[in-house]
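What follows is a set of notes on a single structure, which appears directly below.
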Amino acid sequence: MAKLKPEDLERIAQKMKKLINLREGEARARVIVHMGTCGIAAGARAVMTAFMEEVEKKDLKDVILTASSCAGFCSREPMATIELVNEPAVKYVDLTPEKAKEIIEKHVIGGNIVKEYALAAGSERVL
Amino acid sequence: MQRLHALICTCTNCISNGALKIKNALEAEIVKNSLENDILVVQTGASGLCVKGPILTVQPEGIFYQYLKEKDIPNLVQEHFLKGRPVKSLMYVSEVEKIPIPKINDIPFFKDQRLIALRNRGVIDPESIDEYIANDGYKALVKALTKMSPEEVIKEIDASGLRGRGGAGFPTGKKWQICRAQVLKRKSSDPSASAYVICNADEGDPGAFMDRSIVEADPHSIIEGMSIGAYAMGATEGYIYLRIEYPLAIERMKKALKQAKEYGLLGENILDTGFNFEIKIFEGAGAFVCGEETSLIHSIESKVPEPTQKPPFPAESGLWGFPTNINNVETWANVAMIINWSAVWFSKIGTETSRGTKVFSLAGNVNNAGLVEVPMGITLREIIYDIGAGIPNNKKLKAVQTGGPSGGFIPARLLHLPVDYERLKEAGAIMGSGGMVVMDEDTCIVDIAKFFLHFTSDESCGKCSTCREGAATLIEILDNISNGEGKEDDLAFLEELCLAVKDASMCGLGQTLPNPVLSTLRHFRDEYIDHIKHKKCPAGVCKALVRYSINRDKCTGCTLCARECPAKAISGTVKSPHQIDLHKCTRCGICVKVCKVGAAYSE
Ligand SMILES: Cc1cc2nc3c(=O)[nH]c(=O)nc-3n(C[C@H](O)[C@H](O)[C@H](O)COP(=O)(O)O)c2cc1C
């Protein structure tokens, strides 16, 4: 990787934003598993594995699976956030591998939020 | 005076999605409809929802439009601004409201939080520098290196009112100024002299996990903050002192450092500006005293990690004798935001003396345990009852402990207290680094004060006799009190000893270790007196003071308790009242648990 010049940052930012915002590109959904120490202790790794297996089994080429950190709500871990194109992010709590499979099936593929496991929709206040 | 304010977000994200075109179109339409005197178009910074940009907020109604396109504007101005009919199809609300679950900002846990240090939590992949960059990452570093002099950076941090988040709350800008002056002085006689910046991620307070979470969630925010600090103070090397019990944080920080180096954001000639800076991780062994800055420095130097007398302060003679600036993880995490969004923006959040936000690890007897970032000035009640959703099992709140073992207890009647360095201090507690332990009515104050003292006593390096012996003696007296052997003059002696330990210990560990005792003596004196005079532990925790008995009128003589008692302390025949032999009783409480008619009880 070549060393960056100040103007390169903007280029990377633009490229990444398209990916993160699912705006342009192949991805239709992003699955974020919250993997802080707390999440992992509560079983986030097994949840991540379940998401991974399910995405692979269903051959979902347009789903990005990624890890992020603790969402702050440690008492309800493991947690995951599901983002579909043009929909507000949905946070799921108290997950298990079984619930993860169900969420892929119903929400990521079917487009219907699994109400029983969902905590809320939207993003937190920043700034 | 304008009737409506149209706030258009012009953060980089929204601009890249065409926010400026929207702004021009808006202004043109407003003129076309002769609404110049009615509507003011204002440019604002990121709203946090800029993924949906360009976005427009109309105040005072608070209507939120998203994904705007130029062609939407004539209709929007006509319908909303002229005729007062907000355009549903462009509104954000419509989208969330069709969702069958609550909005995140209707959830009390999230509603009152405001994320600055934790701005990227749960949003970006902490192992991807590109995702950090996408969320304005390293923008502040570019700004500092290309548009600001070191003095200007320090002035900005100073004007923001940022204070150290590691415990003492020292103004960060002032500290940087002092360090820069020392660096310049040293370099004038020895141009090759080093200077260091250090990130203190020792985080030794029991129950605290703020700093760990920040490093795990957003390691680049620390690297960026330290790089800006190093530029401002003239340092060329940095250390991150991370405790070895935080393997995930260490792993993520290592990856982040590697990525930053590959991008040339660390190393030589950073961003082609001639600035050189390197960061190393030092894995600390996890002793509480190593969080104290002079100990921490000795620990990196491979010396015995004991505190030494200040002055000299680290700014004058720190790591290997060179000027050194130490800040806490959360302090560093705020730096880039202040440079990006200005001191004026930052100083508008919080209270007169305590600007910005504070991250707390909310733990103990509270429904929503977790990591929260709140604006300074929020009340304890809001944190515990709104964000924390109150106390489990309908118990009553007894006290909140802030500031870890160096902190103090705040009684339930002071819940209206705003969280602010000065207010907490007046109440006998401290902000500390952000541990917040909630305690319900089943907590014994003497017992819990003892818990913290055991911790500090174990962690004392033993150098000062007041700290080493003082803590041990305090524990001995507290042990006597909880064993029912307390004497009436114990309280006066406790107080005197506490003050002596405070006065005569060299470092912050000894100076603050009496705080849990002093603050409980101040707010919960009656409970000490109950233990000493009445030989009673109101919370039923101090076993020696708890008495188990069986109510003769209620006992049916079912013999269940006698059969279950592990100490065989209960006697009685079938169908006649039983009794407990207090000499044999070990106060395990099993009789109360098994009794079906509520005859066995404790007092
Ligand atoms: C016993 C003791 C333990 C400390 N532990 C920590 C710690 O874990 N993390 C921390 O940032 N500061 C800790 N401090 C405070 C540091 O000495 C220092 O003041 C702080 O790192 C400065 O950073 P700030 O100005 O950003 O708060 C401790 C102090 C004492 C006396």
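Just so it is clear, none of the values below were taken in a lab; they were calculated from the coordinates. On a predicted model such as this, the values are computed, not experimentally measured, just so you know. Backbone-built Cβ (ideal geometry, glycine too); neighbour counts: all protein chains shown.
Select from B:551, B:286, A:108 the residue farthest towards the positive end of the dipole of the protein assembly as shown; place +1 on Cβ of Lys and Arg, -1 on Cβ of Asp and Glu, and compute about the Cα centre. Among B:551, B:286, A:108, the one farthest towards the positive end of the dipole of the protein assembly as shown is B:551.
Helical content alone sets the calculated 222 nm signal of the protein assembly as shown at -10500 deg cm²/dmol, taking -39,500 (n - 2.57) per DSSP H segment of four or more residues and averaging over every residue.
The charge dipole of chain B, taken about its Cα centre with unit charges on the Cβ atoms of Lys, Arg (+1), Asp and Glu (-1) only, comes to about 1340 debye. Of all lysines in the structure, those lying under 19 Å Cα to Cα from residue B:88, and not within fewer than 8 positions of it along the same chain, are B:52, B:69, B:71, B:98, B:103. Solvent-free Debye calculation, one equal scatterer per alpha-carbon of the protein assembly as shown: log10 I(q)/I(0) at 0.09 Å⁻¹ equals -0.90. Counting charges near residue B:29 (Lys, Arg +1; Asp, Glu -1) among other residues having Cβ under 12 Å from its Cβ returns a value of -2. Among the listed pairs B:185/B:310; B:21/B:155; B:175/B:450, those with a Cα-Cα distance over 31 Å are B:21/B:155; B:175/B:450. Bridging of residue A:91 to aspartates and glutamates at a Cα separation below 14 Å is possible for A:77, A:83, A:116, A:124, B:106, once same-chain residues fewer than 8 apart are set aside.
In the protein assembly as shown, a dipole from Cβ-located charges (positive for Lys and Arg, negative for Asp and Glu) runs towards its positive end, and of B:335, B:570, B:232 it is B:570 whose Cα lies farthest in that direction. Please give the net charge around residue B:188, taking every other residue with its beta carbon less than 15 angstrom from that of residue B:188, where Lys and Arg add +1 and Asp and Glu add -1. Charge balance in the 15 Å sphere: +2.
Per q in 0.15, 0.16, 0.28 Å⁻¹, report the Debye log10 I(q)/I(0) for segment B:529-591, using one uniform scatterer on each alpha carbon and no solvent. The calculated log intensity ratios at q = 0.15, 0.16, 0.28 Å⁻¹ are -0.50, -0.56, -1.14.
Summarising the amide proton neighbourhood of residue B:547: residues at separation of 5 or more, or on other chains, whose placed amide H is nearer than 5 Å comprise B:603.
Between the residues B:260, B:298, B:275, the greatest Cα displacement towards the positive end of the dipole of segment B:255-302, with unit charges on the Cβ of Lys, Arg, Asp and Glu, is found for B:260. Only Lys, Arg, Asp and Glu carry charge here, each on its Cβ (+1 for the first two, -1 for the last two); on that basis segment B:547-602 has a dipole of about 40 debye about its Cα centre. Across peptide A:59-71, the average count of Cβ atoms from other chains found within 10 Å of a residue's Cβ is 5. Greater than 18 Å separation of Cα atoms is the criterion. Which listed pairs, B:23/B:147; B:358/B:425; B:143/B:348, meet it? Violating the 18 Å Cα-Cα cut-off are B:23/B:147; B:143/B:348.
Spatially, segment B:511-570 and segment B:419-492 are offset by 20 Å when compared through their Cα centroids. Under the convention that each Lys and Arg Cβ holds +1 and each Asp and Glu Cβ holds -1, the size of the dipole of the protein assembly as shown around its Cα centre is about 1160 debye.
Summing charges over all other residues whose Cβ lies under 15 Å from the Cβ of residue B:585, with Lys and Arg as +1 and Asp and Glu as -1, gives +3.
With q set to 0.17, 0.18, 0.22 Å⁻¹, the log10 of I(q)/I(0) for segment B:78-219, from the Debye formula over equal scatterers at the Cα positions, is -1.24, -1.30, -1.44. Distance distribution P(r), segment B:357-440, all Cα-Cα pairs, bin width 10 angstrom from 0: 20, 61, 18, 0 percent.
The string of couplings for segment B:20-26 from the Karplus curve (6.51, -1.76, 1.60, θ = phi - 60°) is 5, 4, 4, 4, 4, 5, 4 Hz, one whole number per residue in order, with x for Gly and Pro. Taken residue by residue and averaged, Cβ atoms of other chains lying within 10 Å of the Cβ of B:356-367 number 1. Taking max minus min of the alpha-carbon positions on each principal axis, chain B gives extents of 96, 70, 41 Å, largest first. Between segment A:51-71 and segment A:91-127, the C-alpha centres lie 13 angstrom from each other.
Across peptide B:123-132, the mean count of Cβ atoms from other chains lying within 10 Å of each residue's own Cβ comes to 6.
Using only Cα coordinates, the Kirkwood hydrodynamic radius of segment B:486-603 works out to 16.9 Å. By the compact-protein rule of thumb, 2.2 N^0.38 Å, the alpha-carbon radius of gyration of segment A:24-121 corresponds to a ratio of 0.97.
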